[in-house]
Amino acid sequence: MVEITALALFSGGLDSILACRVIQDQNIRVQAVQFITPFFHDDLLQQEGEYRSFIKKKYNIDVLIRDITLPYLEMLKNPPHGYGKYFNPCIDCKILMVSEIKKMMADFNASFIISGEVIGQRPMSQRKDTMRVIERDSDTDQILLRPLCARSQKPTQVELDGIVDRDQLPDFSGRGRSGQIRLAEELGIRDYPNPAGGCVLADPVLSKRLQKIFKTDRDISPEDIRFLLVGRQFLLPHGGWLALGRKQQENSKITALRQSGDYLLNMENRPGPTGLLRYGHHPEDQKLAAELVVRYGKKTGNGPAAAVVCVESADNCFEIKTGPCQDEIGQWLC
């Protein structure tokens, strides 16, 4: 008997776990694929082996990690279906991921694609009309099955062919999770993740940063996006781009993001933020970056006094003695 394989869009959340398991329970092999970008699951790049072992042991699901940052950034510049309230291209995000996983079908001899979407659960990408748009624009009509709400959708080809028993699938809808929780208990799935707090691209602060950066003439790289998502951010008058850590964890992360051509800034004799200056070769931007490091450093007496800031590049190290920035910085805040 020929083994039937499905490729699954996997997020690591309860819905995607359940979608994989209910299809597996119909004697179909499921290969889960978790896409990553700097906006979601980026940390998995450094721990893919451990993560795959964890998911297999805990949920009996085989998962692969695939980085789609480059096509994602290209899509984000001008998503055909637009943005949500902020900088979130929810419909085009889903179209891209479905399109990318479709390209993998031949490699796994897969017959169809599954996802954990539930109709009515999300306002943009999980309405009945937008679900049809996603199928149409990803060219996956008849091969994209949403097992958790399939009974309220038109049958896919694998259902019509009897490969998947439609009547054995759940019939969830709306934002409530009581049905999913009951099904998880029936399947012996415990300690699953709580619902995520939302997409980074829908964050009101981070989305403003992204909009401002995407409006510049810069060629935005994946490394720039990782840089953008950390700490306080400033666009300086001569093209420099500064990130300041707000706590020790961010200071460490900012240091780890340093690339060739960047400048690392720290006060020598006072606790304060680590600064990372990118595209900051102009002396006035370097001085202003040092002033901002002092401004957000630990206060002494009645305020932040002058300090020595060490500025370190890949091939040079120099000091700037300065007081805190006194000017209005709102125009530079990103």
**Q.** Unit charges on C-beta of K, R, D, E only; dipole of the chain, Debye
**A.** 1000 debye
Q | Percent breakdown of C-alpha pair distances by 5 Å bin, ordered from the shortest bin, for region 1-57 | A | 4, 17, 26, 24, 15, 9, 4, 1, 0
Q: Pull out a ≥ b ≥ c, the square roots of the eigenvalues of the alpha-carbon gyration tensor of region 113-243, then state rounded if a/c is under 1.5, prolate if not and a/b is larger than b/c, and oblate in the remaining case.
A: prolate
Q: First measure r as the distance between the Cβ atoms of LYS212 and PHE54, then evaluate 1/(1 + (r/R0)^6) with R0 = 35 Å and state the FRET efficiency to the nearest 0.05.
A: 0.40
Q. Taking only the alpha-carbon positions of region 230-322 and ignoring solvent, what does the Debye formula give for the base-10 log of I(q)/I(0) at q = 0.12 Å⁻¹?
A. -0.30
Q: Using Cα positions and a limit of under 28 Å, work out the lysines in reach of LYS154, with same-chain residues fewer than 8 apart set aside.
A: LYS94, LYS102, LYS103, LYS128
Q) Between LYS247 and ASN316, how many nm apart are label points set 7 Å from Cα along the C-beta direction? A) 3.6 nm
Q: Determine the gain in length on full extension of the stretch ASP141-LEU45; use 0.36 nm per residue of separation and subtract their C-alpha separation, reporting nm with one decimal.
A: 31.4 nm
Q) Once Rh is set to the Kirkwood radius over Cα pairs, what Stokes-Einstein translational diffusion coefficient, in µm²/s, holds for region 5-186 at a temperature of 37 °C and a viscosity of 0.692 mPa s? A) 197 µm²/s
Q: With r as the distance between the Cβ atoms of GLU3 and ASP129 and R0 = 35 Å, compute the FRET efficiency 1/(1 + (r/R0)^6) and round to 0.05.
A: 0.50
Q.
If exposed means no more than 11 neighbouring beta carbons inside 10 Å and the site is in a DSSP loop, what's the longest run of the chain without any exposed GluC sites (Glu not before Pro)?
A. 4-267
Q) When the Cα centres of region 229-290 and region 134-203 are compared, how far apart do they sit, in Å? A) 44 Å
Q) If you keep only loop residues by DSSP, which trypsin sites (Lys or Arg not before Pro) in region 103-195 have at most 12 other Cβ atoms within 10 Å of their Cβ? A) ARG175, ARG190
Q: Scan (1) 16.7; (2) 18.0; (3) 19.9 for the value of mean projected area of the Cα convex hull in nm² calculated from this model and give just the label.
A: (3)
Q.
Given the options VAL309, LEU264, VAL294, identify the residue whose Cα lies farthest towards the positive end of the charge dipole of region 230-322 (+1 on Cβ of Lys, Arg; -1 on Cβ of Asp, Glu).
A. VAL294
Q. Projected onto the charge dipole of region 130-213 (+1 at Lys/Arg Cβ, -1 at Asp/Glu Cβ, origin at the Cα centre), which of LEU160, PHE172, ALA202 gives the Cα projection farthest towards the positive end?
A. ALA202
Q) Which of GLN126, ALA32, ILE101 sits closest to the plus end of the dipole of the chain, meaning its Cα is farthest towards the positive end, when Lys and Arg get +1 and Asp and Glu get -1 on the C-beta? A) GLN126
Q. Based on DSSP, what percent of beta bridges with both residues in the chain are antiparallel, to the nearest 5?
A. 60 percent
Q | Amide N proximity, region 273-294 versus GLN326 label position 7 Å along Cα-to-Cβ, cut-off under 18 Å | A | 287-294
**Q.** Fully extended contour minus Cα-Cα distance, from LEU187 to ASP107, at 0.36 nm per residue
**A.** 25.8 nm
Q.
I want to verify the translational diffusion coefficient of region 62-110 in µm²/s; compute it with Stokes-Einstein, Rh as the Kirkwood radius over Cα pairs, at 37 °C and 0.692 mPa s.
A. 274 µm²/s
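Bear in mind these aren't lab numbers, they're just calculated from the coordinates by the rules spelled out. Fair warning: this is a prediction, and the values are worked out from it, not measured in the lab. Ideal geometry is used to build each Cβ from the backbone, glycine not excepted, and the neighbour counts take in all protein chains shown.
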